[in-house]
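*Asks:* Before I ask anything, let me first share the structure, which is written out below as C-alpha cells.
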Amino acid sequence: MQTKVCICDAIPSLTPSMEFVVLRHWKERLKPSNTARLAAHAIPGLQLVDYGAPGQPWDPACLDLEGAALLFPDPDAPTLTNPSRIIIVDGSWPQARKLVNKIDGLADLPRFKIQPPAEHRVRLRTPPQPGCVSTLEAIAAVLDLTEGPRSGDSLRALFDAAVHSATITRGRPLHA
C-alpha cells in the first residue's frame, strides 16, 4: 500500500485456539486485493502456503490434513464443528475450486461452515453470488464461531480499512 494510506496500525495481533492454514493460488500472492496476506499479519501462527507456481513442484507433505476441516462451500459434504485445523483455499472462486479439486485429500475433508455476513460491506472484488466473502472475512466468521461472538470484529475492521485505503488509492469507489 502507498504510505499515505498505510493500514499497519489497523492490523490486530490474534492468537486463536485453532490452527489456520491458507492454501493460496500462486497468482494471488502479489494482488493488492488479496486478503490472505492481511490475515497472515494479524495471526502470526497462520500458515500461508502458495500452490501452483510454474516450476515449483507441489509437496503434499506441507499440508497436514489430520483433524482438519475445509472452509469451502459444499452443501453435500459432511461437517466438522470442532476441528483442530481449518484449511482455507484462497483465490478467485474458479481458482479456489481448482485447488480443492486438484490437491489430493482436500475435496474429501469435512467442511466447516460459516454464516453469510449479516451486514453489507463494500468489497475489493465482486463476489460470484450473495453470501460469498473474502478470505479475511471468512476467517473472522470462523473466529466468531470458535472463539466467541464478535471475536472476528478486529479482522472485519482490518478488511474495512483495506477497502477504504484501496478506494483512496484507486480514486474511485469499489464494488458495493
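*Asks:* What shape does segment 53-122 take by its C-alpha gyration tensor, where a ≥ b ≥ c are the square roots of the eigenvalues and a/c under 1.5 counts as rounded, a/b above b/c as prolate, and the rest as oblate?
*Replies:* Note, shape of segment 53-122 comes out oblate.
*Asks:* Here is a further query. Pull up all non-local amide H partners of ASP74: gap of 5 or more, or a different chain, and H-to-H distance under 5 Å with H placed in the peptide plane.
*Replies:* When sequence neighbours closer than 5 places are left aside, there are no close amide H contacts.
*Asks:* For LEU30 and SER84, calculate 0.36 nm times their separation in residues minus their Cα-Cα distance, and state this gained length in nm to one decimal.
*Replies:* Gain in length upon complete extension: 16.5 nm.
*Asks:* Here's another thing I want to ask about it. Divide by every residue of the chain the summed helix terms, -39500 (n - 2.57) for each DSSP H run of at least 4, and state the resulting mean residue ellipticity at 222 nm, rounded to the nearest 500 deg cm²/dmol.
*Replies:* -8000 deg cm²/dmol, from helical runs alone.
*Asks:* Sort THR79, THR15, THR146 so that the residue with the fewest other Cβ atoms within 10 Å of its own Cβ comes first and the one with the most comes last.
*Replies:* Ranked by crowding around the Cβ, least crowded first: THR15, THR79, THR146.
*Asks:* Here's another thing I want to ask about it. Could you check what % of the DSSP bridge pairs in the chain are antiparallel, to the nearest 5?
*Replies:* 5 percent
*Asks:* Can I ask one more? Need one word for the chain: rounded, prolate or oblate. Basis is the Cα gyration tensor (sqrt eigenvalues a ≥ b ≥ c); a/c below 1.5 gives rounded, then a/b vs b/c decides.
*Replies:* Cα axes put the chain in the prolate bin.
*Asks:* Related question: Placing unit charges on C-beta atoms (Lys and Arg positive, Asp and Glu negative, everything else neutral), compute the dipole magnitude of the chain about its Cα centre in debye, rounded to 20.
*Replies:* Charge dipole of the chain: 860 debye, to the nearest 20.
*Asks:* Can you give the longest stretch of the chain with no exposed loop site, where a site means GluC sites (Glu not before Pro) in a DSSP loop (not H, G, I, E or B) with at most 14 other C-beta atoms within 10 Å?
*Replies:* The longest such stretch corresponds to 1-65.
*Asks:* Next up: Taking the number of other C-beta atoms within 10 Å as the exposure measure, put SER17, SER33 in order starting with the fewest.
*Replies:* By the 10 Å Cβ count, ascending: SER17, SER33.
*Asks:* Could I ask something else about it? Collect residues whose amide H, placed 1.01 Å from N in the peptide plane, falls under 5 Å from the amide H of VAL22; neighbours closer than 5 in sequence don't count.
*Replies:* Placed amide hydrogens put GLN47, LEU48, VAL49, ILE88 under 5 Å from VAL22.
*Asks:* Amide H of LEU80: which non-local residues (sequence gap of 5 or more, or other chain) have their own amide H closer than 5 Å, using H built in the peptide plane?
*Replies:* Amide H to amide H, under 5 Å and 5 or more residues apart or across chains, LEU80 pairs with ARG111, PHE112, LYS113.
*Asks:* Most fluctuating residue of LEU30, LEU124, LEU14 in a GNM of the chain with Cα springs under 10 Å: which is it?
*Replies:* Result: LEU30 has the largest fluctuation of those listed.
*Asks:* While we're looking at this one, here's another question. So which trypsin sites (Lys or Arg not before Pro) in segment 26-113 are both in a DSSP loop and have at most 15 other Cβ atoms within 10 Å of their Cβ?
*Replies:* Sites meeting the loop and neighbour criteria: ARG29.
*Asks:* Multiply the residue gap between ASP104 and ASP64 by 0.36 nm, knock off their C-alpha separation, and tell me the result in nm, one decimal place.
*Replies:* 13.3 nm
*Asks:* Could you please rank HIS25, HIS41, HIS120, placing first whichever residue has the fewest other Cβ atoms within 10 Å of its Cβ?
*Replies:* Listed from fewest to most nearby Cβ atoms, that is HIS120, HIS41, HIS25.
*Asks:* HN-Hα J couplings of segment 106-117 from phi, Karplus 6.51/-1.76/1.60, θ = phi - 60°, integer Hz, Gly and Pro as x?
*Replies:* So the J values, rounded to whole Hz, are 5, 5, 8, 5, x, 9, 9, 10, 10, 8, x, x.
*Asks:* Using the Karplus curve 6.51 cos²θ - 1.76 cosθ + 1.60 with θ = phi - 60°, work out ³J(HN,Hα) for each residue of segment 15-26 in order, rounded to whole Hz, and write x for Gly and Pro.
*Replies:* 10, x, 6, 10, 8, 10, 10, 9, 9, 9, 5, 4
FYI, it's all coordinate maths here, none of it is from the lab. For clarity, every value in this text was computed on a predicted model and none was experimentally measured. With ideal geometry, Cβ positions are generated from the backbone for all residues, glycine too; neighbour counts draw on all protein chains shown.
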